[in-house]
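Undergrad: The structure follows.
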Protein chains: 2
Amino acid sequence: MAHIDFWYAIGSTYSYLTIMRLPDLAAAEGLDIIWRPFDVRHVMTHQNNIPFKDKPVKAAYMWRDIERRAEGYGLPHAHLPAPYPLKHFALANRLAVLGMRQGWGVAYTRAAYRLWFLAGHPPGEEPNNTEALEAAGVDPLKAVAEAESAKIGKALQVETDLAMDLGVFGAPSFVVDGEVFWGDDRLEDAISWLHNGRVTLPQA
Amino acid sequence: MAHIDFWYAIGSTYSYLTIMRLPDLAAAEGLDIIWRPFDVRHVMTHQNNIPFKDKPVKAAYMWRDIERRAEGYGLPHAHLPAPYPLKHFALANRLAVLGMRQGWGVAYTRAAYRLWFLAGHPPGEEPNNTEALEAAGVDPLKAVAEAESAKIGKALQVETDLAMDLGVFGAPSFVVDGEVFWGDDRLEDAISWLHNGRVTLPQA
C-alpha cells in the first residue's frame, strides 16, 4: 500500500501541529503513515540551516503562527512560547526511536508533546519522561536505560542519514514516492500527491 | 473598508505564487489589497535571516515546492530554477515603488515576474526593464530615471522601516489588523483573519 513517511523530531515546534492532528486525519482518510523520528538538529547544523537562533522577530512570529493555526485546527489551547530549544533533545528522540521499535512510539510522542506545549514540561527530562512514558504504557526507568544504549543511538543515526539521503532538511517533513514536503502546512500537499500524483490547491 | 497589506519584494521567489494568483482571488472574494514593495534584503540582512544562501538542499526544495504549487494553482508552467538571486534587486523594487505611486505598479510587478519565471529574464535589468515597463504602459527610460532618484530611494526606505516596525521579516507577508502572516501559504489565513478575526483550517 502506498504510504506517507512522516519525518519528525521531538523538539521541532511546528511538528506539534502535525503530531496532534495527524492520527484523526489519517483515520478519516484511511492513510498509512509511518512515523520516523530523526535527529533534525544534526541535519540542520550540517547544512548551516538554523531557523530561529538569534532571530527574535522570526521566532516570535513562529509562536504566534503556531498559536493561530492550533486554534484553527481546533487543538487544545497551548501555553506559548513553550520551553525552547530543548535541553535534552537527544534523549527525547532516542526514546521515540525505541518506542517505534516496540510499538509505543506514537503514544509516547503525543504524550511528550502534550506535556511540553500544554503543561510547559519539556521532553527528554523529568517530569516529562516519566509521565509521557507511563502514558504510553511502559516502565520509564527501563525505557530510558534502553534509549541510552549505543544500539538506539546508532538506530537514530541511521534514520537521520536516510532522511538526509532522501532530501529531508527540516521537521516535520513528509515523503511520498520520493517527493519531499516540508512543514505541517504541506501535509495536505503530501496527501494530494499520494492520491493524485500532484498537488491540488484551491483556485480563485 | 478592512483591507490586507501585501508586503513583497521583487526578487522573492515565493512571491511569484502570490503575485500570479492574487488579482483573481481578490476579485473573486471582493478583497481590498494594498501592494507594498519593500526592501526585504535589508530586513533579512539586518535580522541575520538568510534563507537559501549556502543551503543547496533547502534551495533545491524551494524550487521544487514552487513548481508543484504553481501547477496546483493552475499557473503557467515556469522554467525553474529562475535566475536567483537578482543582481539588480534595488532597481526592480524602486520601479515597483514608483509604479505604486503612479498607478502602474501592479501591472509592472506582474509583467516583471512573468518575464523572470516564464522567460528567464531577471527583473531590474534589460530586457526585463523595457519589456515589463512597456507592458505596464510607461516609458522605460523615463521610469528608470525617476526610479533611480533619491526621492524614490527614500520612499523605499520608509516603506521598509514601516514593514520592520509591523513585524514583517520576509516576503511575501500579509498584514491584517496588525496580524502578520508570512508566506504565500498563509494568504488564506490572512483572508480568514480579515473575515472572521481568526484562522480557520480544515479539520479531520
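Undergrad: From the list A:71, A:125, pick out the single residue that is touching a His at 6+ places or on another chain (Cβ under 6 Å) and either within 14 Å of chain B (Cβ to nearest Cβ) or under 18 Å from residue A:146 (Cα atoms) (or both). Reasoning before the result, please.
TA: On the way: A:71 fails: touching a His at 6+ places or on another chain (Cβ under 6 Å).
Result: A:125 is the single residue among A:71, A:125 that is touching a His at 6+ places or on another chain (Cβ under 6 Å) and either within 14 Å of chain B (Cβ to nearest Cβ) or under 18 Å from residue A:146 (Cα atoms) (or both).
Undergrad: Further question on the same structure: If you check every pair at least six apart or on different chains, which have Cβ atoms under 9 Å apart with a residue in region B:37-52 that is more than 10 Å from every other protein chain (Cβ to nearest Cβ) first and a residue that is assigned to a strand (DSSP E or B) and of a type in the set (A, V, I, L, M, F, W, C) second?
TA: Qualifying pairs under 9 Å: B:37/B:7; B:37/B:10; B:38/B:7; B:40/B:7.
Undergrad: Quick one: how many residues across region A:140-198 are more than 22 Å from residue B:58 (Cβ to Cβ) and among the acidic types (Asp, Glu)?
TA: Number satisfying all stated conditions: 2.
Undergrad: Separate question: Against the condition more than 15 Å from the chain's Cα centre (by Cα), β-branched (Val, Ile, Thr) and more than 13 Å from every other protein chain (Cβ to nearest Cβ), how does residue B:138 come out, does it pass?
TA: yes
Undergrad: Hey, another quick one. Out of curiosity, is residue B:25 crowded, with 16+ Cβ neighbours inside 10 Å, in contact (Cβ under 8 Å) with a residue 40 or more places away in the chain and within 12 Å of chain A (Cβ to nearest Cβ)?
TA: Judged against the criteria, residue B:25 is a match.
Undergrad: Anything in region B:126-161 that is free of Cβ contacts under 8 Å to residues at least 60 places away in the same chain, in a helix (DSSP H, G or I) and within 27 Å of residue B:190 (Cβ to Cβ)? List them, or say none.
TA: Result: B:132, B:155, B:158, B:161.
Undergrad: So, one more: Of everything in region B:112-125, what is assigned to a helix (DSSP H, G or I) and buried (at least 22 other Cβ atoms within 10 Å of the Cβ)? Give them in sequence order.
TA: If the condition is that a residue be assigned to a helix (DSSP H, G or I) and buried (at least 22 other Cβ atoms within 10 Å of the Cβ), then B:112, B:113, B:116, B:117 are the ones that fit.
No value in this document is a laboratory result; all are computed from the given coordinates. Not measured: the values here are computed from a predicted model. For neighbour counting, all protein chains shown are included, and Cβ atoms are generated from backbone atoms with ideal geometry for every residue, glycine included.
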